[in-house]
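A.B. asks: Before I ask anything, here is the structure I am working with.
The values are calculated or read from the model by the stated rules, or taken from the named source; none is laboratory data. Quick caveat: nothing in here was measured; it's all calculated off a predicted structure. With ideal geometry, Cβ positions are generated from the backbone for all residues, glycine too; neighbour counts draw on all protein chains shown.
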Amino acid sequence: MDVEEDTLVLLGNISQARSGCLCMNAQCGTKLIALLGILLGFTCAAMLLVKDRKYLTASTVVLIIFLSVFVIITVLFVLASVMLLMAALDEDTDLMSYYIWLSIVYLCVQLVLAIAIPLVLIVEGRYPVAIALIWMVIVMIVGLGWTHFISVVSSYRLSLLNVGEI
């Protein structure tokens, strides 16, 4: 009977336990995001440099740098958004606040680069203006979607803070 009672006590404690995201903190998440993003960005830059090294011009180097930074920032933004979602599931308002600001910074840099890259391509003469404008509109629509996601999580964070004050 002791084993059954212990099992029932353990099962009763599971519902009262905190979720499994206890090991997640801002420092660990930031290091993971930075490491994975930088590795992917350098890999993309190396592939582009090896492929086009015979036709390297100043505008091509600027374009490669912009594209590499764009890939890095995109990966960092997606990872920060995933960490933000994990913090929301854990109902940790401090981590939510941290990852909300991190996501906003990454989104802003991403949108600036999404406008700068087509401008470099237009100046270089690789793309017509119409295609670049279509690209910018698509990126802005996607950016609005991500902004909505961040605002929903931010509203959820504020509701958690308001419940905590009552």
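A.B. asks: Taking L95, is it within 18 Å of the chain's Cα centre (by Cα), assigned to a helix (DSSP H, G or I) and not β-branched (V, I, T)?
C.D. replies: For L95, the condition - within 18 Å of the chain's Cα centre (by Cα), assigned to a helix (DSSP H, G or I) and not β-branched (V, I, T) - is met.
A.B. asks: Sticking with this one: May I ask you to say which residue of L22, L85 is surrounded by 10 or more Cβ atoms within 10 Å (Cβ to Cβ), at pLDDT below 60, under 22 Å from S103 (Cα atoms) and aliphatic (A, V, I, L, M)?
C.D. replies: Sole residue among the options that is surrounded by 10 or more Cβ atoms within 10 Å (Cβ to Cβ), at pLDDT below 60, under 22 Å from S103 (Cα atoms) and aliphatic (A, V, I, L, M): L22.
A.B. asks: For the range 51-92, how many residues are assigned to a loop (DSSP other than H, G, I, E, B) and closer than 20 Å to S151 by Cα?
C.D. replies: Residues in the range 51-92 being assigned to a loop (DSSP other than H, G, I, E, B) and closer than 20 Å to S151 by Cα: 2 in total.
A.B. asks: Now a separate question. For the range 110-121, state whether one or more residues are farther than 27 Å from A80 by Cα and without any contact (Cβ under 8 Å) to a residue 24 or more places away in the chain.
C.D. replies: Yes, the range 110-121 contains a residue that is farther than 27 Å from A80 by Cα and without any contact (Cβ under 8 Å) to a residue 24 or more places away in the chain.
A.B. asks: Being surrounded by 14 or more Cβ atoms within 10 Å (Cβ to Cβ), charged (D, E, K, R) and assigned to a helix (DSSP H, G or I) is the filter here, so list the residues in the range 120-166 that pass it.
C.D. replies: E124, R157
A.B. asks: Related question: Just wondering, is there one or more residues in the range 55-69 that are of a type outside the set (F, W, Y), under 15 Å from the mean Cα position of the chain (by Cα) and surrounded by 14 or more Cβ atoms within 10 Å (Cβ to Cβ)?
C.D. replies: yes
A.B. asks: Based on what the data block shows, is T60 farther than 26 Å from L36 by Cβ and touching a residue at least 12 places away in the same chain (Cβ under 8 Å)?
C.D. replies: The answer is yes for T60.
A.B. asks: T74: hydroxyl-bearing (S, T, Y) and closer than 26 Å to R157 by Cβ, yes or no?
C.D. replies: Yes: the conditions hold for T74.
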